[in-house]
Amino acid sequence: MKQQNNDWKSRLNIVYSTNPDFTYETTTQATIDTLPPERQKLHVQLERRNRGGKTVTLVSGFVGADNDLKELGKMLKTRCGVGGAAKDGDIIIQGDRVNRVKMLLTELGYNVK
């Protein structure tokens, strides 16, 4: 008796099942469509809380896929010449770069507050 579709990577969290009729169900998450830049409303602000005394520029309000968020974050970090991160719908740029980030986002067509 040979198992069909025996892809062990899709069942990483299942250890063992005694049920011979058990079928592993995978859940797929709905993908979020990225809004075009002119429909995005991004908020750029300076933040010091919970950063160990460091100042960061926070870009929030991005609506879209994580890959597009990371791509925009990478572009901003590169153009500002600093480090940062893009996660949970926010882009964090190290240092006080509010004016530079606002200028770069408006050049790309984003609505910035």
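The values are calculated or read from the model by the stated rules, or taken from the named source; none is laboratory data. Computed from a prediction, not measured in an experiment: that's the story for all the values here. Cβ atoms come from the backbone with ideal geometry, glycine included; neighbour counts cover every protein chain shown. These area figures cover heavy atoms from the full protein model, side chains too; ligands, DNA and RNA do not enter into them. Shrake-Rupley method; radii C 1.70, N 1.55, O 1.52, S 1.80 Å.
Just a few scattered comments:
- Subset of the range 28-51 [open to solvent by 40 Å² or more (accessible area, probe 1.4 Å), at pLDDT 90 or above and of a type outside the set (D, E, K, R)]: HIS43, GLN45, LEU46
- Of the residues making up the range 96-106, those that are more than 14 Å from GLN40 (Cα to Cα) and open to solvent by 50 Å² or more (accessible area, probe 1.4 Å) are ASP96, ARG97, ASN99, ARG100, MET103.
- Test: residue in the range 52-71 that is in contact with a Ser or Thr (Cβ under 8 Å, 6 or more places away or on another chain) and either hydroxyl-bearing (Ser, Thr, Tyr) or open to solvent by 100 Å² or more (accessible area, probe 1.4 Å) (or both): no
- Of all residues in the range 90-110, those being more than 22 Å from GLY52 (Cβ to Cβ) and either touching a helix residue (DSSP H, G or I) at 6+ places or on another chain (Cβ under 9 Å) or not aliphatic (A, V, I, L, M) (or both) number 10.
- Of the residues in the range 86-95, at least one is open to solvent by less than 60 Å² (accessible area, probe 1.4 Å), modelled with pLDDT under 95 and assigned to a loop (DSSP other than H, G, I, E, B).
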